[in-house]
Amino acid sequence: MIAWEERFYPILVRELTAERVQRHFGALVAGAVERYELPNLGALNFLLHEALGGGGTVSLRTDAQGKTFGAALLSLEIEVPAGL
């Protein structure tokens with residue numbers, strides 16, 4: 001997840017915790033969720049363990065590389081201060 005403006009990055013850090021992302025995806029993620037902060041890029045990277053059924057060529061999921069997980073994360077609603 002990338003903040004469009006530097007001022008939005010702290011909001012993403014506060015709202016998009018690993019626990020919240022794991023709850024958002026529910027049973028789609030069988031393992032832990034790790035969050036990596038990239039403040040120089042204004043971005044957060046999430047690693048969803050055991051979410052791809054082996055990934056790539058061994059997964060039976062239609063999205064074996066997990067590209068739609070990023071798009072699905074956009075549906076998670078966050079609290080934004082008034083005026084933004």
Within the range 1-33, the residues that are in contact with a helix residue (DSSP H, G or I) (Cβ under 6 Å, 6 or more places away or on another chain) and not in a loop (DSSP other than H, G, I, E, B) are V33
Counting just the residues of the range 37-84 that are among the polar types (S, T, N, Q) and more than 15 Å from the chain's Cα centre (by Cα), which one comes out modelled with the highest pLDDT? N40
Can you report the number of residues in the range 34-44 which are touching a residue at least 40 places away in the same chain (Cβ under 8 Å) and either assigned to a loop (DSSP other than H, G, I, E, B) or out of contact with any helix residue (DSSP H, G or I) (no Cβ under 9 Å at 6 or more places or on another chain) (or both)? 1
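The values are calculated or read from the model by the stated rules, or taken from the named source; none is laboratory data. Here the structure is a predicted model, which means the values were calculated and not measured. With ideal geometry, Cβ positions are generated from the backbone for all residues, glycine too; neighbour counts draw on all protein chains shown.
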